Amino acid sequence: MKHLIILSLLLLFSCQESNSSSELNSNKNLVQYADFFQLIQQDGQTILQILSPETKKIEQTIVINPKDPLLKVACLSATHVGMMQKLNLIDRIGAVSNSLYIYNSELLKNVQDKKVLELGEEMQIPVESLVKSGCQAIFYSGFGKEFQHAKTLNKIGIDCLVNYDWRESHPLGKAEWILVFGYLMGKPAEAHAIFEDLKEKYLDLQVVSTNRKAKVISGNMWGDQWNAPAGESYQATLMKDAGAEYVYRKTKGTGSVQLSFEKIIADSKNVEFWLNTGIPTKKMMVASNPKLQNMSVFKTGKIYDYSRSGNRFWEMSAIEPHKVLEDYIRIFSGKNIEKLHFYHLVE
């Protein structure tokens, strides 16, 4: 399609990995915190590069055409919707995966009025439905596989745009993906302004040092394993920046770590706070897994979760990391608990 001009061998855009170097050292990169995309200013042009979290090589290279922005897109993740909302671009969303996970009232109404299509699960989307939606591009979260039907979609003029915001190591790196949406949708100045504002608010809140570090665990049992944020993830960074001592802060990776319940029991003996259970009440937690009540933090600590704010958290927390940080600071300090943005006490 004419909106996206691709550098690599002058081929049409496709979701194929490039063998190019991930750095263009002679040019200016506008990105400050994000690790998995770059915005390069080169010869009067702005070039977007999406990098693989695994190899650090360039997967996609796009020359931004400011005179020809994307006018209708499919957004398959809640974080994409939140960023589109911040840019006042909800009316440009032509398709979503499932309305059950949407918080934005305008987008929900558009789905109900049949102005926006529901496409189903990310890797099972029928090509015919996407064509009918009129979308020029589809934003999806890359989970290690090429988007299904990518080559077919490309041939009919629908581009696949991978988003790795969830793999970023810093909350501001995750939030900075709003620049991808801003540049492709013709609102680069607005995107920069939004990011600079939230960056300032985040850095003003950041707890550089504290005499008392609250000991924290995060996650829950899913099946036979406990899923916790890895030590290099943006979630671990949030806890550190709020002045806490996260139990698994030294583990590697920007995704999750899987642990046995026996290890969790041993590692959480002196933990004061438990975050992100994904379940709103203790009764429901015990019903899901009776063993959870054997944890000392379940009996004597404080448990906080976002599940009552549900879809609002998943849509807006990525682009409002300062509010998540402020919640954590209030939780760990015990001050202004009644003013939490996303979280609630699990009782």
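Any read-out appearing in this document is the output of simple, stated calculations on the displayed coordinates, not a laboratory observation. If you're wondering where the values come from, they're calculated on a predicted model, not measured in any experiment. When we count neighbours, we look across all protein chains shown, and the Cβ atoms used for this are built from the backbone with ideal geometry, even at glycine.
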Those trypsin sites (Lys or Arg not before Pro) from the range 265-344 that are DSSP loop and have at most 12 other Cβ neighbours within 10 Å turn out to be LYS269, LYS335
Expected unfolding gain across ALA287-PHE143 under the 0.36 nm per residue rule, minus the alpha-carbon gap, is 48.8 nm
Cα extents of the range 51-202 per principal axis, largest first, Å, are 43, 37, 32
Taking the dipole of the chain about the Cα centre (Lys, Arg +1; Asp, Glu -1; charges at Cβ), the one of LEU130, PRO66, VAL216 that reaches farthest to the positive side is VAL216
Residue span ARG308 to LYS57: 0.36 nm per residue of separation minus Cα-Cα distance leaves a gain in nm of 86.5 nm
Once both label points are put 7 Å beyond Cα along the C-beta direction, the ASP224-LEU71 separation in nm becomes 5.4
From fewest to most C-beta neighbours within 10 Å, the residues MET285, MET83, MET239, MET295 line up as MET295, MET285, MET239, MET83
Cα extents of the range 207-345 per principal axis, largest first, Å, are 33, 30, 27
Here the percent of antiparallel bridges among DSSP beta bridges lying wholly in the chain, to the nearest 5, is 50
Expressed to one decimal in nm², the mean projection of the alpha carbon convex hull of the range 274-347 is 4.9
Listed by chain and number, the lysines with an alpha carbon less than 16 angstrom from that of LYS335, same-chain partners under 8 positions apart left out, are LYS213, LYS302, LYS323
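Could you tell me how many cubic angstrom of Cα convex hull volume the chain has per residue? Show your work: numbers first, answer last.
On the way: hull volume 50.5 nm³, N = 347.
So the per-residue Cα hull volume is 145 Å³.
Quick check on the range 207-345: of the DSSP beta bridges with both residues there, what percent are antiparallel, nearest 5%?
50
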Extension length gain for LYS269 and LYS252 (0.36 nm per residue less Cα distance), in nm, is 3.9 nm
For the range 149-259, the percent of all C-alpha pairs falling in each 10 Å bin, from 0 up to the bin holding the max distance, is 13, 30, 29, 20, 6, 1
